[in-house]
Amino acid sequence: MANYPEIQLYIDGRWKHASGQPIINPADETTLGTVPTATRTDLDDALDAAERGFAIWRKTAPLKRAQIILKAAALIRDRVDEMAVAMTLEQGKPIEQARLEILRGCEIIEWDATEGQRLYGRVIPSEPGMRHTVLRQPIGPVAAFSPWNFPMSSPARKVAGALSSGCSIILKASEETPAGAVQLVRAFHDAGLPAGVLNLVFGNPAEISEYLIPQSRIRLVTFTGSIPVGKYLAAMAGTHMKPAIIELGGHGPVIVCDDVDPVATAAASVVGKSRNAGQVCVAPTRFFVQESIYDRFANVFAEKASALKVGNGLDPSSQMGPLANSRRIDAMETLVADAKARGARVLAGGHRRGDRGYYFPLTVLADVPDDARAMNEEPFGPLALVNPVKTLDEAIEKANSLPFGLAAYAFTRSAENADRLAEGVEAGNLSINHFVASVAETPFGGVKESGYGREGGTEGLQCYTVVKNVSHKTG
Ligand code: NAD
């Protein structure tokens with residue numbers, strides 16, 4: 001199909017064609033192309049390449065590494081329009097959101113490239129004649145697994161983190177949205193990255209992870225995806241004594257205090273919730289609103305949600321695209337039916353739209369009982385749950401009541417409230433008075449069952465290193 005790239009494996013600096021599975025356009029359920037399936041031999045070749053690539057890359061000066069990585073980012077910026085079209089075709093998100101994702105991916109790559117030159121160690125003062133030097137060294141070849149909701153920026157986080165720290169990487173990107181990773185890798189190839197430093201495979205996710213993770217040459221595992229799969233891969237990494245960066249789902253609480261404007265906050269919430277049709281691990285989902293502004297907030301939220309234009313992401317007037325696959329439609333229908341049966345009120349949306357393409361409108365449920373499935377399972381779709389609370393303490397208690405803790409949000413003008421929220425909310429990322437959970441320069445990741453390790457910021461790069469203390473008796 002025009003505008004959609006051919007999807008190939010990339011091993012040891014060479015593209016490789018192979019047969020595989022169809023890639024479906026979620027806007028109309030047509031086939032865009034085929035994603036190749038890597039064989040065992042391909043995986044062995046990728047391991048050999050990553051080992052050779054690491055030997056070259058770790059000995060490449062950080063400045064030279066940064067120059068190549070920054071050149072790749074510049075090429076991606078040049079290609080943003082063509083990449084955005086491919087992303088909307090395969091994933092569904094509105095074209096402007098696709099562009100912003102790609103530009104955000106560039107910011108991540110650029111920030112990591114420059115910070116990778118500052119992975120300083122320390123010299124520890126000690127007794128005379130003894131010098132202790134702490135080195136931060138690249139950990140080695142990385143096995144990375146990225147999901148379908150952010151086809152370019154999620155692979156970019158993993159590739160930028162590994163390469164900027166001096167590691168090589170085998171990336172298994174999503175088979176459902178592979179173009180973002182292919183175009184990312186192409187930019188690094190065109191920027192002159194040595195062969196073997198970056199390798200890209202697709203295929204059967206379970207077979208690939210079960211083969212790569214136990215390999216002694218793989219030194220770090222990084223995964224973004226669902227909690228059950230994350231726990232399984234983390235356990236496998238643990239069995240083989242490998243560190244892992246595990247970034248899983250959440251169930252974003254949003255605490256709305258009664259000192260804010262309910263209309264403006266509801267309007268911002270619709271924008272935050274509808275981004276990528278809610279298929280975001282940091283999506284705002286459980287809204288806990290103080291009683292005096294609850295009705296106004298819920299009604300404006302519903303009104304603005306109903307007014308959102310849902311349509312093909314290639315149409316620039318669409319504000320929300322289709323869901324990325326039919327599994328999300330099934331999940332939305334199940335969660336809405338369960339919540340309704342338990343007494344929740346449907347204020348907006350609630351039903352699939354049409355029967356071609358995976359369209360589901362932004363759905364607002366109010367007065368949702370605590371035992372509704374949607375209040376306990378991450379919807380990972382356009383579902384907002386709005387409930388009243390009396391006090392800030394009650395809101396924080398409810399926010400912390402689930403076993404997840406990725407992103408949380410709060411709206412207040414009170415410094416005292418903000419301080420209590422910062423202290424009390426169990427989350428890796430808390431955003432107050434806005435809906436941006438992470439930027440290139442800040443660490444991003446979860447607590448509790450949302451995972452461990454960090455991506456982004458100095459802390460993210462450090463996850464790709466090992467610490468070595470060199471103890472030198474000089475006298
Ligand atoms: P899923 O659990 O089948 O898969 C989740 C991701 O893991 C996919 O990218 C898949 O390719 C990959 N995967 C599955 N089994 C694997 C294995 N054994 N080894 C390596 N990778 C494997 O669910 P799904 O239907 O694709 O996605 C829905 C759920 O996933 C959502 O409920 C959401 O919680 C979660 N999810 C989270 C994120 C995130 O950013 N944290 C992204 C995408 C999906």
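The values are calculated or read from the model by the stated rules, or taken from the named source; none is laboratory data. Keep in mind that this is a model prediction, so the values were computed, not measured. No Cβ is skipped: glycine too gets one built from the backbone with ideal geometry, and neighbour counts run over all protein chains shown.
Within the option set 126, 165, being away from the ligand (no atom under 15 Å from the Cβ), within 21 Å of the chain's Cα centre (by Cα), outside the structural domain of residue 324 (by TED's automatic domain parsing) and more than 23 Å from residue 227 (Cα to Cα) holds for one residue only, 165.
Considering each residue of region 303-328, count those that are among the charged types (D, E, K, R), away from the ligand (no atom under 16 Å from the Cβ) and not in a loop (DSSP other than H, G, I, E, B), and give that number.
Going through region 303-328 one residue at a time, the tally reaches 2.
Condition test on residue 467, is it surrounded by fewer than 18 Cβ atoms within 10 Å (Cβ to Cβ), closer than 21 Å to residue 268 by Cα and not aromatic (Phe, Trp, Tyr)? In short, no.
So, restricting to strands (runs of 3 or more DSSP E) that lie completely within region 192-275, which ones have at least 2 residues that are farther than 23 Å from residue 460 by Cα? By residue number, 252-256. Here residue 296 meets each of (1) within 20 Å of residue 251 (Cβ to Cβ); (2) in contact with a Pro (Cβ under 6 Å, 6 or more places away or on another chain); (3) free of Cβ contacts under 8 Å to residues at least 60 places away in the same chain with one exception, condition (1). Candidates are the residues of region 395-427 that are among the polar types (S, T, N, Q) and in a loop (DSSP other than H, G, I, E, B); the one that is nearest to residue 368 (Cα to Cα) is 401. Filtering 366, 348, 331 for residues that are under 20 Å from residue 277 (Cβ atoms), surrounded by 20 or more Cβ atoms within 10 Å (Cβ to Cβ), more than 16 Å from the ligand (Cβ to nearest atom) and not β-branched (Val, Ile, Thr) leaves a single hit, 348. Note on region 30-57: residues that are closer than 14 Å to residue 10 by Cβ and assigned to a strand (DSSP E or B) amount to 2. If the condition is being surrounded by 16 or more Cβ atoms within 10 Å (Cβ to Cβ) and of a type in the set (Ser, Thr, Tyr), then region 5-28 contributes only 10. If the condition is being charged (D, E, K, R), more than 16 Å from the ligand (Cβ to nearest atom) and touching a helix residue (DSSP H, G or I) at 6+ places or on another chain (Cβ under 9 Å), then region 376-396 contributes 390, 393.
On the given criteria, is residue 21 assigned by TED's automatic domain parsing to the domain that holds residue 184, within 22 Å of the chain's Cα centre (by Cα) and of a type outside the set (A, V, I, L, M, F, W, C)? Answer is no for this residue. Output the residues belonging to region 191-236 that are touching a residue at least 40 places away in the same chain (Cβ under 8 Å), aliphatic (A, V, I, L, M) and within 10 Å of the ligand (Cβ to nearest atom). If the condition is that a residue be touching a residue at least 40 places away in the same chain (Cβ under 8 Å), aliphatic (A, V, I, L, M) and within 10 Å of the ligand (Cβ to nearest atom), then 208, 212, 213, 221, 227, 233 are the ones that fit.
Taking first residues from region 313-342 that are modelled with pLDDT of 95 or more and partners that are among the aromatic types (Phe, Trp, Tyr) and not in a loop (DSSP other than H, G, I, E, B), the Cβ contacts under 8 Å between residues at least 6 apart in sequence or on separate chains come to 322/359; 323/359.
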